[in-house]
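What follows is a single structure, written as structure tokens, with notes after it.
The values are calculated or read from the model by the stated rules, or taken from the named source; none is laboratory data. Keep in mind that this is a model prediction, so the values were computed, not measured. No Cβ is skipped: glycine too gets one built from the backbone with ideal geometry, and neighbour counts run over all protein chains shown. All accessible areas refer to the heavy atoms of the entire protein, side chains included, with ligands and DNA or RNA removed. Shrake-Rupley method; radii C 1.70, N 1.55, O 1.52, S 1.80 Å.
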Amino acid sequence: MTRKQRSGGNESHDLSNPRGLAAFRALLEEEDDAAADAAPLPPRGRRGEPPRPRRERETFFKLKAAPGDDGAAPPPAAALTELFGASADAGLIADVLAAAGGSAEAATETLLAILGGAGDGAAGSSAAAAAAPTTCGGGGVAWGELPPDVKAAVLARLSLRDLARAATACSEFSQAAHGARRLVRRLVLPPGLGYSGLVGMVAGHGGAGVVDASHLERRLPRPGAGDGARPQVAAMCQDEAEANLLKCLLAVAEGAAAPRAVPVRGLVLRGLLGATDRVLAEALASLKALRSVDLSRCPRITTKSLHALAKYQRLCEGLAAGPGDEQHSDGDGDDEPRAAPRTDAGEAGSGGLGDAAAAEAPEEEQQQAEGPGAAEPAEPALGGRNPAIRSPVNTALAAAVSSRLSELELRSSAQAAAAAAAAAAAASSSSGLVELRLAGVAGLADEGLRQLLSGPVTKHSLATLDVAGCRGITSAGLVVPPLGVLRELRASRVPGLTQLVLHLPASHPLSALDLSGCHYLRVVDLALGRLHSLNLAACRTLYRLRMRCPALRTLSLAQCGQLVDMHADAWHVPALETLNLFGCRRASGAQLGAVLQGMPALRRLDVNGCWGIGALHLTANLALEACDATGARSLVSLSAASPVLRELRAASCGRLASLSLASGALVVVDVGNCGVLAEVHVAAPRHGAAAAAGGRRPRLVTAGCAALPPAARARLAAAVGAAP
């Protein structure tokens, strides 16, 4: 019904027309107001006071004024409370300030000495603790009688805040708190802390190489779901978050400028609303030793930030990477690329241009360069492989021969190792970012990603890149340079990725590639000599996969339901140890068998839910330890020639009729609900197989095997070592 007529009147309104609908609603509101005026509510209260007016909802909120923003300096007591309020009581701060004659500087030094264990500020507390009784009531033991390892275990269970408060008890607790601050490698900044408190916190944790600011916005107002139609509220929230984060980063930079054991190398801004291009530019300009930046799920980061990150250079390289620092992690869980010594062409073992240049230099110049007391220079060895050119007469001919040998041996293993060492040396000497995480940042584009990967700085320094969930990235932007040092690339859940072709030199260090969840990825062609892990799980439209990865050890193709193009000549993975084909329903049994013939090192195989496999014969996989064929409803026969097979799961294979196992070390066999299984061939159990199982309990499941003869069931039980 599109028309509505008022009862008792001749007016009608067309509800399909927006104007008519608005007029009808206005008339209804007038009638409701008239009815409310005709029947007023009873007076509120006992004395008949008029009802209180309802407080309307505030449309805007007021920005919180940070202490000290009004231009006036805070009093010394307030500043000391803000700086040491989490570590000391208010009474102690007041007493120290009074003893210092009201001087904030002297009180700060005294409190730092008390809380940090650098002075004798806790001598009175130590004396009081020493004067305490040595035994506790109820047969307990006093703290002074405990062994040092027990004390360390007790103090290790305290949080940093509780340990800082306990530092005022005695000198032992104070030293423990000071040592705990030195051991912190990842500093998490709490919300609600002022500028001076942030400066003191960063300066007090000199061993923290990573500063995590992802918790700063927990107390800041954020635009709710109902504020979508209020752009003013959202703008005010964003401005306040940006101002607060900018103040925090300036405080971090001021605290990092103090003398520290480890410079601030990592910055985590994960999920912050205030992280913008301007704030990031200020952080990069203030922090001179950054090696890793985490900007995951920052909604206001755009491609402009990628340009700034690609141009960033560490200015304090001597402070940022001291001797031995490259082999340790910054505390964020990701190890940095290790430094490799620079090697010349002559040190690579193939006789490069360096030897030719040395041969061309006159003997007198070589003696002058080595000094008057140096020994006579040895004959230059120009190849090391051909003795006929070990002592050449013509230096120009020697240089030409050496150059030609270098070109011919470019693909040899020695040259590959030399190229890898040179790439590692270039990565260690480069001053760009080493780790960058941009997961979930929707404002990124292909242009910025290409500049980030191929930039003159980041190309020789960036080792870890995470762009998972970035919707603005396509296949055109994911171009890895052949001379880069990228080791780990994560591009999962990228809807714009439709095909990926990566053909890199054998010496390229890329070892981990994650493309899981790319639902529109159809073709993958890889030629990576050092790739160890490849994750293509949940790529639902992937139908063609070609790999030439001789070092690949782990491959996941779970839930790739459209994968049909599997050819043995297109899969060169001789070192593969784990293959997961869970849910690959269209995988052919003949193609899978041919592919498995080229995997002699395979240890774990998962073909759970592969409906297209009719026969599975694992004759070439002699190192196979576990096989899962559960739910392969078309599987008719299964055989495994591996002598070290321990686990076999083939439950719910309704057509499985033949099972042949050559292993004498079986521990788990599950053939439940295989109704037509009747033929079983199992090897005799090997002596000592139970001890090799690592104490695992043998398990045999034959429930639902109606056609299995008792003799075959007994053979399975004897092979597993379980009761029939």
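Total residues in segment 454-492 satisfying the condition of being open to solvent by less than 10 Å² (accessible area, probe 1.4 Å) and assigned to a helix (DSSP H, G or I): the figure is 1. The lone criterion from (1) under 19 Å from Leu486 (Cα atoms); (2) in a loop (DSSP other than H, G, I, E, B); (3) charged (D, E, K, R) left unmet by Arg540 is number (1).
Taking the criterion of being among the aromatic types (Phe, Trp, Tyr) and within 19 Å of Ala594 (Cα to Cα), the only residue of segment 513-569 that qualifies is Tyr543.
The number of residues in segment 277-315 being assigned to a loop (DSSP other than H, G, I, E, B), open to solvent by less than 50 Å² (accessible area, probe 1.4 Å) and in contact (Cβ under 8 Å) with a residue 60 or more places away in the chain comes to 8.
In the condition set (1) open to solvent by 10 Å² or more (accessible area, probe 1.4 Å); (2) touching a residue at least 24 places away in the same chain (Cβ under 8 Å), Leu677 is compliant with all but (1). When the residues of segment 612-624 are filtered to those that are open to solvent by 10 Å² or more (accessible area, probe 1.4 Å), among the hydrophobic types (A, V, I, L, M, F, W, C) and modelled with pLDDT of 90 or more, which remaining residue is nearest to the chain's Cα centre (by Cα)? Going through the qualifying residues, I end up with Ala623.
Each row is one residue, and each column tells you yes or no for (1) surrounded by fewer than 17 Cβ atoms within 10 Å (Cβ to Cβ); (2) not hydrophobic (A, V, I, L, M, F, W, C).
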position: Val494; (1), (2): no, no
position: Ser511; (1), (2): no, yes
position: Cys518; (1), (2): no, no
position: Cys539; (1), (2): no, no
position: Met547; (1), (2): no, no
position: Ala551; (1), (2): yes, no
position: Trp571; (1), (2): no, no
position: Gln597; (1), (2): yes, yes
position: Leu602; (1), (2): no, no
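Among the residues of segment 573-590, those identified as modelled with pLDDT under 90 and open to solvent by less than 50 Å² (accessible area, probe 1.4 Å) are Ala587, Ser588, Gly589. Taking the numbered list (1) within 20 Å of Ala662 (Cβ to Cβ); (2) without any contact (Cβ under 8 Å) to a residue 12 or more places away in the chain in turn, Cys627 passes all entries but (2).
Cys627 - would you say it is buried (at least 22 other Cβ atoms within 10 Å of the Cβ) and over 23 Å from Pro685 (Cβ atoms)? No. For segment 233-264, a tally of residues being in a loop (DSSP other than H, G, I, E, B), in contact (Cβ under 8 Å) with a residue 12 or more places away in the chain and open to solvent by 10 Å² or more (accessible area, probe 1.4 Å) returns 6.
Answer yes or no as to whether Gly529 is buried (at least 22 other Cβ atoms within 10 Å of the Cβ) and either more than 21 Å from the chain's Cα centre (by Cα) or farther than 30 Å from Leu602 by Cα (or both).
Details: buried (at least 22 other Cβ atoms within 10 Å of the Cβ): no; either more than 21 Å from the chain's Cα centre (by Cα) or farther than 30 Å from Leu602 by Cα (or both): yes.
Criteria not met by Gly529.
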